[in-house]
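Single-structure report; data block below.
The values are calculated or read from the model by the stated rules, or taken from the named source; none is laboratory data. Just so it is clear, the structure is predicted and the values come from calculations on it, not from any experiment. Cβ atoms come from the backbone with ideal geometry, glycine included; neighbour counts cover every protein chain shown. Quick note on the areas: whole protein, heavy atoms, side chains included, nothing else; ligands and nucleic acids left out. Shrake-Rupley method; radii C 1.70, N 1.55, O 1.52, S 1.80 Å.
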There are 2 protein chains.
Amino acid sequence: MYVVIAGCGNLGRRLAESLSSRGEEVVVLDSRPEALETLSPEFGGFRVEGDAADTLTLSRTKLDRADLAIAATDDDNVNLFFSQVARFLFSVPRAVARVHDPAREDVFRRLGVETVCPTTAAADLMLAMSSAGRRQAGL
Amino acid sequence: MYVVIAGCGNLGRRLAESLSSRGEEVVVLDSRPEALETLSPEFGGFRVEGDAADTLTLSRTKLDRADLAIAATDDDNVNLFFSQVARFLFSVPRAVARVHDPAREDVFRRLGVETVCPTTAAADLMLAMSSAGRRQAGL
(Lines give C-alpha, C1' and ligand atoms only; values in the text may rest on other atoms or scores of the structure.)
Protein backbone atom coordinates (compact mmCIF):
# COMPACT_ATOMS: atom_id res chain seq x y z
CA MET A 1 0.00 0.00 0.00
CA TYR A 2 1.27 3.51 -0.80
CA VAL A 3 0.27 6.04 1.88
CA VAL A 4 0.79 9.81 1.91
CA ILE A 5 0.53 11.45 5.34
CA ALA A 6 0.18 15.21 5.75
CA GLY A 7 1.56 16.44 9.08
CA CYS A 8 4.42 15.03 11.12
CA GLY A 9 3.29 15.95 14.64
CA ASN A 10 2.62 13.31 17.31
CA LEU A 11 -0.17 11.71 15.26
CA GLY A 12 1.46 11.84 11.82
CA ARG A 13 4.79 10.58 13.12
CA ARG A 14 3.15 7.67 14.95
CA LEU A 15 1.16 6.64 11.88
CA ALA A 16 4.16 6.99 9.57
CA GLU A 17 6.37 4.83 11.79
CA SER A 18 3.69 2.16 12.36
CA LEU A 19 2.69 1.88 8.70
CA SER A 20 6.31 1.85 7.56
CA SER A 21 7.19 -0.89 10.07
CA ARG A 22 4.28 -2.92 8.67
CA GLY A 23 5.95 -2.75 5.27
CA GLU A 24 3.78 -0.09 3.67
CA GLU A 25 5.33 2.53 1.40
CA VAL A 26 4.96 5.84 3.28
CA VAL A 27 5.59 9.50 2.43
CA VAL A 28 5.29 12.12 5.20
CA LEU A 29 4.83 15.74 4.38
CA ASP A 30 5.41 18.68 6.73
CA SER A 31 6.45 22.29 6.22
CA ARG A 32 8.60 22.18 9.38
CA PRO A 33 11.94 20.43 8.80
CA GLU A 34 12.31 19.99 12.59
CA ALA A 35 9.06 17.98 12.65
CA LEU A 36 10.37 15.63 9.94
CA GLU A 37 13.56 15.17 11.97
CA THR A 38 11.58 13.64 14.86
CA LEU A 39 10.94 10.52 12.75
CA SER A 40 12.87 7.56 14.12
CA PRO A 41 16.02 6.44 12.25
CA GLU A 42 14.18 3.14 11.53
CA PHE A 43 11.52 4.96 9.50
CA GLY A 44 11.89 3.51 6.02
CA GLY A 45 9.70 5.96 4.10
CA PHE A 46 10.22 9.31 2.42
CA ARG A 47 10.09 12.80 3.92
CA VAL A 48 8.88 15.75 1.89
CA GLU A 49 9.27 19.30 3.20
CA GLY A 50 6.40 21.48 2.10
CA ASP A 51 2.90 22.76 2.65
CA ALA A 52 0.01 20.25 2.61
CA ALA A 53 -2.20 22.99 1.18
CA ASP A 54 0.05 23.54 -1.83
CA THR A 55 -0.82 21.37 -4.84
CA LEU A 56 2.69 21.63 -6.32
CA THR A 57 4.12 20.16 -3.11
CA LEU A 58 1.46 17.46 -3.25
CA SER A 59 2.60 16.46 -6.76
CA ARG A 60 6.09 15.90 -5.31
CA THR A 61 4.60 13.28 -2.94
CA LYS A 62 3.31 11.30 -5.96
CA LEU A 63 -0.15 11.56 -4.45
CA ASP A 64 -1.70 10.31 -7.73
CA ARG A 65 -0.22 6.86 -6.99
CA ALA A 66 -1.44 6.72 -3.35
CA ASP A 67 -3.89 4.09 -2.11
CA LEU A 68 -4.58 6.12 1.03
CA ALA A 69 -4.17 9.77 2.05
CA ILE A 70 -4.06 10.60 5.75
CA ALA A 71 -4.59 14.20 6.89
CA ALA A 72 -2.95 14.50 10.29
CA THR A 73 -2.09 18.19 10.61
CA ASP A 74 -3.35 20.18 13.60
CA ASP A 75 -5.55 22.35 11.41
CA ASP A 76 -9.01 21.06 10.44
CA ASN A 77 -9.12 23.37 7.42
CA VAL A 78 -5.80 22.13 6.06
CA ASN A 79 -6.94 18.55 6.69
CA LEU A 80 -10.15 19.13 4.76
CA PHE A 81 -8.32 20.80 1.88
CA PHE A 82 -5.66 18.08 1.66
CA SER A 83 -8.24 15.26 1.81
CA GLN A 84 -10.42 16.83 -0.85
CA VAL A 85 -7.52 17.49 -3.20
CA ALA A 86 -6.28 13.92 -2.66
CA ARG A 87 -9.69 12.39 -3.34
CA PHE A 88 -10.84 14.45 -6.28
CA LEU A 89 -7.77 16.02 -7.93
CA PHE A 90 -5.36 13.09 -7.46
CA SER A 91 -8.06 10.33 -7.48
CA VAL A 92 -6.85 8.73 -4.24
CA PRO A 93 -9.41 6.00 -3.42
CA ARG A 94 -9.48 6.69 0.34
CA ALA A 95 -8.78 9.66 2.59
CA VAL A 96 -8.84 9.64 6.39
CA ALA A 97 -8.63 12.94 8.28
CA ARG A 98 -8.16 13.98 11.87
CA VAL A 99 -10.92 16.44 12.77
CA HIS A 100 -10.66 18.34 16.04
CA ASP A 101 -14.12 19.89 15.91
CA PRO A 102 -16.66 17.03 16.21
CA ALA A 103 -19.33 19.31 14.72
CA ARG A 104 -17.43 19.29 11.41
CA GLU A 105 -17.14 15.50 11.04
CA ASP A 106 -20.40 15.33 9.14
CA VAL A 107 -19.14 17.83 6.52
CA PHE A 108 -16.00 15.76 5.92
CA ARG A 109 -18.00 12.56 5.57
CA ARG A 110 -20.41 14.06 3.08
CA LEU A 111 -17.36 15.03 1.01
CA GLY A 112 -16.17 11.41 0.93
CA VAL A 113 -13.53 11.70 3.65
CA GLU A 114 -13.43 9.28 6.59
CA THR A 115 -12.79 11.05 9.90
CA VAL A 116 -11.32 10.42 13.30
CA CYS A 117 -11.90 12.91 16.10
CA PRO A 118 -9.37 12.40 18.93
CA THR A 119 -11.83 13.69 21.54
CA THR A 120 -14.53 11.28 20.36
CA ALA A 121 -12.02 8.42 20.29
CA ALA A 122 -10.89 9.27 23.85
CA ALA A 123 -14.50 9.60 25.08
CA ASP A 124 -15.45 6.21 23.59
CA LEU A 125 -12.44 4.58 25.21
CA MET A 126 -13.17 6.16 28.60
CA LEU A 127 -16.81 5.10 28.44
CA ALA A 128 -15.73 1.53 27.65
CA MET A 129 -13.31 1.65 30.58
CA SER A 130 -15.97 2.90 32.98
CA SER A 131 -18.37 0.15 31.86
CA ALA A 132 -15.64 -2.46 32.34
CA GLY A 133 -15.08 -1.15 35.87
CA ARG A 134 -18.77 -1.34 36.59
CA ARG A 135 -18.90 -4.98 35.54
CA GLN A 136 -15.78 -5.83 37.55
CA ALA A 137 -17.24 -4.22 40.64
CA GLY A 138 -20.53 -6.07 40.09
CA LEU A 139 -22.47 -2.80 40.29
CA MET B 1 -22.10 4.32 40.05
CA TYR B 2 -21.13 7.78 41.36
CA VAL B 3 -18.72 9.57 38.99
CA VAL B 4 -16.92 12.89 39.47
CA ILE B 5 -15.61 14.49 36.26
CA ALA B 6 -13.10 17.34 36.34
CA GLY B 7 -13.35 19.55 33.27
CA CYS B 8 -16.40 20.37 31.16
CA GLY B 9 -14.78 20.89 27.75
CA ASN B 10 -15.68 18.73 24.74
CA LEU B 11 -14.45 15.55 26.44
CA GLY B 12 -15.85 16.14 29.93
CA ARG B 13 -19.22 17.28 28.63
CA ARG B 14 -19.52 14.24 26.35
CA LEU B 15 -18.66 11.84 29.18
CA ALA B 16 -20.98 13.59 31.63
CA GLU B 17 -23.94 13.43 29.26
CA SER B 18 -23.31 9.80 28.25
CA LEU B 19 -22.81 8.52 31.78
CA SER B 20 -25.80 10.46 33.07
CA SER B 21 -28.04 9.12 30.27
CA ARG B 22 -26.94 5.61 31.27
CA GLY B 23 -28.33 6.29 34.72
CA GLU B 24 -25.07 6.95 36.56
CA GLU B 25 -24.89 9.67 39.20
CA VAL B 26 -22.57 12.33 37.76
CA VAL B 27 -20.98 15.52 39.09
CA VAL B 28 -19.07 17.79 36.68
CA LEU B 29 -16.61 20.32 37.96
CA ASP B 30 -15.26 23.31 36.03
CA SER B 31 -14.02 26.75 37.04
CA ARG B 32 -15.67 28.31 33.98
CA PRO B 33 -19.43 28.80 34.45
CA GLU B 34 -19.82 29.15 30.65
CA ALA B 35 -18.38 25.64 30.21
CA LEU B 36 -20.92 24.19 32.64
CA GLU B 37 -23.67 25.96 30.70
CA THR B 38 -22.85 23.93 27.56
CA LEU B 39 -24.26 20.79 29.21
CA SER B 40 -27.49 19.72 27.55
CA PRO B 41 -30.77 20.43 29.38
CA GLU B 42 -31.26 16.64 29.61
CA PHE B 43 -28.12 16.26 31.76
CA GLY B 44 -29.42 14.86 35.03
CA GLY B 45 -26.30 15.30 37.17
CA PHE B 46 -24.83 18.08 39.26
CA ARG B 47 -22.62 20.99 38.20
CA VAL B 48 -20.00 22.38 40.58
CA GLU B 49 -18.19 25.62 39.75
CA GLY B 50 -14.63 25.54 41.01
CA ASP B 51 -11.02 24.58 40.51
CA ALA B 52 -10.15 20.87 40.10
CA ALA B 53 -6.80 21.58 41.78
CA ASP B 54 -8.45 22.95 44.94
CA THR B 55 -9.17 20.31 47.58
CA LEU B 56 -11.92 22.39 49.22
CA THR B 57 -13.78 22.46 45.91
CA LEU B 58 -13.23 18.72 45.58
CA SER B 59 -14.88 18.14 48.97
CA ARG B 60 -17.96 19.92 47.63
CA THR B 61 -18.21 17.27 44.87
CA LYS B 62 -18.44 14.53 47.57
CA LEU B 63 -15.43 12.91 45.96
CA ASP B 64 -15.04 10.59 48.97
CA ARG B 65 -18.23 8.80 47.84
CA ALA B 66 -17.16 8.43 44.19
CA ASP B 67 -16.67 5.05 42.51
CA LEU B 68 -14.79 6.67 39.64
CA ALA B 69 -12.94 9.97 39.12
CA ILE B 70 -12.37 11.18 35.55
CA ALA B 71 -9.78 13.88 34.89
CA ALA B 72 -10.79 15.53 31.62
CA THR B 73 -9.31 19.03 31.81
CA ASP B 74 -6.98 20.25 29.06
CA ASP B 75 -4.02 20.42 31.43
CA ASP B 76 -2.02 17.23 32.07
CA ASN B 77 -0.71 18.62 35.37
CA VAL B 78 -4.18 19.41 36.69
CA ASN B 79 -5.33 15.96 35.55
CA LEU B 80 -2.47 14.29 37.41
CA PHE B 81 -3.11 16.32 40.56
CA PHE B 82 -6.87 15.68 40.53
CA SER B 83 -6.43 11.93 39.89
CA GLN B 84 -3.86 11.57 42.65
CA VAL B 85 -5.92 13.49 45.18
CA ALA B 86 -9.00 11.45 44.24
CA ARG B 87 -7.17 8.12 44.57
CA PHE B 88 -5.17 8.74 47.71
CA LEU B 89 -6.79 11.57 49.68
CA PHE B 90 -10.43 10.69 48.92
CA SER B 91 -9.87 6.93 48.47
CA VAL B 92 -11.65 6.75 45.10
CA PRO B 93 -11.14 3.18 43.83
CA ARG B 94 -10.51 4.17 40.19
CA ALA B 95 -9.23 7.25 38.39
CA VAL B 96 -9.03 7.68 34.61
CA ALA B 97 -7.18 10.67 33.17
CA ARG B 98 -6.80 12.25 29.75
CA VAL B 99 -3.09 12.72 29.09
CA HIS B 100 -2.04 14.81 26.11
CA ASP B 101 1.66 14.01 26.29
CA PRO B 102 2.05 10.28 25.53
CA ALA B 103 5.48 10.33 27.19
CA ARG B 104 3.79 11.00 30.54
CA GLU B 105 1.32 8.10 30.43
CA ASP B 106 3.77 5.81 32.17
CA VAL B 107 4.11 8.20 35.14
CA PHE B 108 0.33 8.33 35.58
CA ARG B 109 0.06 4.54 35.43
CA ARG B 110 2.77 4.00 38.00
CA LEU B 111 0.78 6.31 40.29
CA GLY B 112 -2.30 4.10 39.95
CA VAL B 113 -4.14 6.23 37.40
CA GLU B 114 -5.51 4.73 34.16
CA THR B 115 -4.85 6.94 31.15
CA VAL B 116 -6.28 7.74 27.77
CA CYS B 117 -4.23 9.76 25.27
CA PRO B 118 -6.45 11.20 22.51
CA THR B 119 -3.59 11.12 19.99
CA THR B 120 -2.87 7.46 20.73
CA ALA B 121 -6.58 6.63 20.54
CA ALA B 122 -6.83 8.42 17.18
CA ALA B 123 -3.68 6.73 15.84
CA ASP B 124 -4.96 3.28 16.85
CA LEU B 125 -8.28 3.95 15.16
CA MET B 126 -6.64 5.23 11.97
CA LEU B 127 -4.31 2.23 11.84
CA ALA B 128 -7.29 -0.09 12.22
CA MET B 129 -9.08 1.80 9.43
CA SER B 130 -6.09 1.54 7.09
CA SER B 131 -5.81 -2.22 7.75
CA ALA B 132 -9.52 -2.62 7.07
CA GLY B 133 -9.07 -0.81 3.76
CA ARG B 134 -6.16 -3.05 2.87
CA ARG B 135 -8.25 -6.16 3.48
CA GLN B 136 -11.20 -4.77 1.52
CA ALA B 137 -8.94 -3.96 -1.40
CA GLY B 138 -7.46 -7.46 -1.21
CA LEU B 139 -3.93 -6.02 -1.07
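Excluding ligands, DNA and RNA, what is the accessible area buried between chains A and B, summed over both sides, using a 1.4 Å probe, to the nearest 100 Å²? Could the numbers behind the result be given before it?
Details: alone 7880 and 7880 Å², together 12620 Å².
So the buried area, both faces added, is about 3100 Å².
Taking the Cα centre of chain A as origin and charging only Cβ (+1 Lys, Arg; -1 Asp, Glu), how large is the dipole, in debye to the nearest 20?
Values: 16 positive and 20 negative charges, 102 e Å.
Dipole size: approximately 480 debye.
Please compute the modelled spin-label separation between B:Glu42 and B:His100, points set 7 Å along Cα→Cβ, answer in nm with one decimal. Roughly 3.1 nm, to one decimal. Residues in the protein assembly as shown average 45 Å² of solvent-accessible surface per residue, probe 1.4 Å, ligands and nucleic acids excluded.
Over the range B:40-93, calculate the relative contact order: mean separation of alpha carbon pairs under 8 Å at least 6 apart, over the residue count, as a percent.
So the answer I get is 35 percent.
In chain B, helical runs assigned H by DSSP with n ≥ 4 each contribute -39500 (n - 2.57); averaged across all residues and rounded to the nearest 500, the mean residue ellipticity at 222 nm is -13000 deg cm²/dmol. Over all other residues within a Cβ to Cβ distance under 13 Å of B:Ser91, the charged ones net out to +2, with Lys and Arg as +1 and Asp and Glu as -1.
Here's the picture: charge each Lys and Arg Cβ at +1 and each Asp and Glu Cβ at -1 in the range B:15-139, and of B:Ser59, B:Pro33, B:Leu15 the one pushed furthest to the positive end of that dipole is B:Leu15.
Using the Karplus curve 6.51 cos²θ - 1.76 cosθ + 1.60 with θ = phi - 60°, work out ³J(HN,Hα) for each residue of the range A:11-21 in order, rounded to whole Hz, and write x for Gly and Pro. Residue by residue, the range A:11-21 yields 6, x, 4, 4, 5, 4, 5, 5, 5, 5, 5 Hz.
Summing Lys, Arg as +1 and Asp, Glu as -1, what charge do residues with Cβ under 12 Å from the Cβ of B:Cys117 carry, B:Cys117 excluded? Kindly include the intermediate steps, with their values, before the conclusion.
Details: positive: A:Arg14, B:Arg98, B:Arg104, B:Arg109; negative: B:Asp76, B:Asp101, B:Glu105, B:Asp106, B:Glu114, B:Asp124.
The answer is -2.
Between the Cα long axis of helix A:118-137 and the first principal axis of chain A there is an angle of about 30°, rounded to the nearest 10. Once the chain from A:Ala132 to A:Leu56 is taken as fully extended at 0.36 nm per residue, the excess over their C-alpha distance is 22.5 nm. A DSSP coil position with no more than 12 other Cβ atoms inside 10 Å describes the following GluC sites (Glu not before Pro) in the range B:1-66: B:Glu37, B:Glu42. Using the Cβ of B:Asn79 as centre and a radius below 14 Å, the other residues enclosed give a net charge of -4, where K and R count +1 and D and E count -1. Ignoring ligands, DNA and RNA, what percent of the accessible area of the protein assembly as shown is carbon or sulfur (1.4 Å)? The C+S portion of the solvent-accessible surface of the protein assembly as shown is 50 percent. In order along the range B:41-58, the Karplus-derived 3J(HN,Hα) couplings, from 6.51 cos²θ - 1.76 cosθ + 1.60 at θ = phi - 60°, round to x, 6, 4, x, x, 9, 10, 10, 8, x, 8, 5, 9, 10, 5, 5, 4, 4 Hz, and Gly and Pro are given as x.
Sort the range A:1-131 into rounded, prolate or oblate with this rule: let a ≥ b ≥ c be the square roots of the eigenvalues of the Cα gyration tensor; rounded if a/c is under 1.5, and if a/c is not under 1.5, prolate when a/b is larger than b/c, oblate otherwise.
oblate
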